[in-house]
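Nothing in this text is a laboratory measurement; each read-out follows from the coordinates by a stated rule. Please read all numbers here as calculations on a predicted model, not as lab measurements. Note: ideal-geometry Cβ built from the backbone for every residue, glycine included; neighbour counts use all protein chains shown.
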């Protein structure tokens, strides 16, 4: 029995992975869009790190450190009070802020001196390069002063002053788009099976339509998760896109989004007779949703007359939920509305399926 | 609820009496058009039963109701003691089906396709052996759309046999096949009967019906209009021979009907099909009639009557649309 279920699932999965068109329209488009947008708009990190230095020690040593930092070509150094520099960091004006506390000079001689460093981690690329630069400079100071490495340690603290880059916006949008195309397409699959007579051949076997459909749903969910992982891995690897939220919650949103699109796909597939017609309807439903759902563009600033339309789009809620979880690290409460709207779409679609579904 | 054992024992009991398929009063209508109109017949075990008829006669719909694909509006179909309406899954486990045009998943290889179908049954044969059984073992990694028409039909047959069925349904198995592929398929079908399988096939090919089928039901307009062995059906013509010829406009049908031994005449323009109970005297009579009247006689053929003649006689139409 188990091997039979596995064969059924495996067969459905193989069928999907061998549909080049499906893979291109889902993962392919998403990756290409992400690369294009990432490279077009992704270069907003200046090569010079803007570093804020707060000298509270006012000793020879601290002055020397400050001047060392100012000499570095990789840094553009700003000095100011702790409050001023922290605020600048939060506004995204500084890549990092170093605070040289009172008594630093004395501690340095005695060993065990501390520098406080605050990084803006919203941009992992700058954060990483800033960390390296600062560490190198501090090591240099250590050796110059004491001729041995190590007396100065850095207390690093991340600051939640995130600057949303284009790529941070586009990545969840592309994930939403991927889920939409990959799963709405189940409607075409159903119509195609019916039109080609595959469902009729299956109807002559003891296999129940519901078993086949369930296996197809599971296979599509698997494919959606695999494609999501590939897309996010690429985004992380190439563009240092950071996922702030809970991965489990993200997986849940991905699954729910996929289920919503599957349900709509089945609803379309229920009453359409020709594969070609199903394809056209899919484009007709998919493309407006792609733009009004905010996969590429921020639709929250769209003209008022479009807002009601935008706010019924399941993709809009899927994209919002993905952005909330991925970028803002939001929890369950922030995505509740979106989850409810998507579930409403599932229920509505299932009603259509229940009324109109035909296997033969 | 009937247990598997009970089902099996009923099946055996039926097999012993020899009755494998029993169809009673099947009716199916679509949008006010009755496609199948009270069709009844029964088929014994290890019999090849042919349903012969033109396109649109209701052959496919009849088969699809017996196979459990379509629900009949009325009537019953019992296979090995199992009622297809009430015990559909049980019936579908013991039948093999080849549809008129079997389209399969284009994404799967032949072997994967057979493995998939094998997994749908509680008991199945080795998919690789099934492929070699229809001479497709070298195509195991090919996809259905890469196959020729004959190969595709053989694949469909292998799939139909993967559960080692008791009853096999073949819907137009050799339509659009070249003569060689057709022969190959006939050989396979005849071998299957030797293995004790009951086979129900549809065709609009008279040769096929005559060569393969133990009994033939002629279907037209949703009804069975004759059911017998090929010899029995042809015997109904009351003719031992058919004289097929062209005589120009001066000949009349009534003249020919009065010639020696003639039992029936069909005429289409200048073409005459003359049925006779005594071939030689009639032939001489036809020749001398043409001679006396100075009518040119062409395209003369003398042959044993075929199912084509039977169909023509029964319906007034030719089976093969020309």
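Residues of A:1-11, mean number of Cβ from any other protein chain within 10 Å of their own Cβ, rounded to a whole number?
The per-residue average across the peptide is 3.
Quantify how strongly other chains surround peptide A:188-197 by giving the mean number of their Cβ atoms within 10 Å of each of its Cβ atoms. Please report the intermediate quantities before stating the final value.
On the way: counts 0, 0, 0, 0, 2, 2, 0, 1, 6, 6.
Per-residue shielding by partner chains comes out at 2.
Counting only other chains, what is the mean number of Cβ atoms within 10 angstrom of the Cβ of each residue in peptide B:86-96? It would help to have the intermediate numbers written out before the result.
Numbers: counts 0, 0, 2, 4, 1, 1, 5, 2, 1, 3, 2.
Per-residue shielding by partner chains comes out at 2.
Please report the spacing between the Cα centers of region B:164-242 and region B:284-317 in Å, no decimals.
26
Can you sort B:105, A:41 by how many other beta carbons sit within 10 Å, fewest first?
Numbers: B:105 20, A:41 13.
In order of increasing Cβ crowding within 10 Å: A:41, B:105.
Compute the angle between helix B:279-293 and the longest alpha-carbon principal axis of chain B, please, reported from 0 to 90 degrees and rounded to the nearest 10.
With both axes taken from Cα atoms, the answer is about 50 degrees.
Return one quarter of the surface area of the convex hull spanned by the alpha-carbon atoms of the protein assembly as shown, equal to its mean projected area, in nm². Before the final figure, lay out each step's value.
On the way: hull surface 181.0 nm².
Mean shadow area of the hull around the Cα atoms is 45.2 nm².
With a 10 Å cut-off between alpha carbons and a GNM built on chain B, which of B:294, B:53, B:25 moves the most?
Fluctuation is largest for B:294.
For chain B, set up a Gaussian network in which alpha carbons nearer than 10 Å are linked by springs, and say which option among B:37, B:163, B:269 fluctuates the most.
B:269
Would you mind getting me the FRET efficiency between residue A:211 and residue A:236? Use the beta-carbon distance for r and R0 = 56 Å, nearest 0.05.
Taking R0 as 56 Å, the efficiency between residue A:211 and residue A:236 is 0.90.
Could you check the simple spin-label distance between residue B:140 and residue A:287, using points 7 Å along Cα→Cβ, in nm with one decimal?
4.6
Express in whole angstrom the spacing between the alpha-carbon centres of region A:189-245 and region B:35-84.
That distance is 37 Å.
For a test of the definition: using alpha carbon positions, the gyration tensor, and the 1.5 limit on a/c, classify region B:238-304 as rounded, prolate or oblate. Could the numbers behind the result be given before it?
On the way: a/c = 1.55, a/b = 1.41, b/c = 1.11.
Because a/c hits 1.5 or more and a/b exceeds b/c, region B:238-304 counts as prolate.
How far is it, in nm, from the label point at residue B:37 to the one at residue B:257 when both lie 7 Å from their Cα along the line to the Cβ?
Going from the residue B:37 label point to the residue B:257 one covers 2.7 nm.
Relative to the longest principal axis of the C-alpha atoms of chain B, give the angle of the C-alpha long axis of helix B:4-17, reported between 0 and 90° and rounded to the nearest 10°.
30
Just grab the label-to-label distance for residue A:67 and residue A:91, each label 7 Å out from Cα along the Cβ direction, in nm (one decimal).
Rounded to a tenth, the inter-label distance reads 3.0 nm.
Can you give the angle from 0 to 90° between the axis of helix B:149-161 and the longest principal axis of chain B, with both taken from C-alpha atoms, to the nearest 10?
Here the helix axis deviates by roughly 50 degrees.
Using R₀ = 60 Å, calculate the FRET efficiency as 1/(1 + (r/R₀)^6) where r is the Cβ-Cβ separation of residue B:288 and residue A:23; round to 0.05. Working shown, then result.
Numbers: r = 79 Å, r/R0 = 1.31.
Efficiency, rounded to the nearest 0.05: 0.15.
Just to be sure I understand: with springs between alpha-carbon atoms less than 10 Å apart, which residue in B:198, B:60, B:260 has the highest mean-square fluctuation in the Gaussian network model of chain B?
Fluctuation is largest for B:260.
Return the ratio Rg/(2.2 N^0.38 Å) for chain B, where Rg is computed over Cα atoms only.
Values: Rg = 23.1 Å, N = 322, 2.2 N^0.38 = 19.7 Å.
For chain B, the normalised Cα radius of gyration comes out at 1.17.
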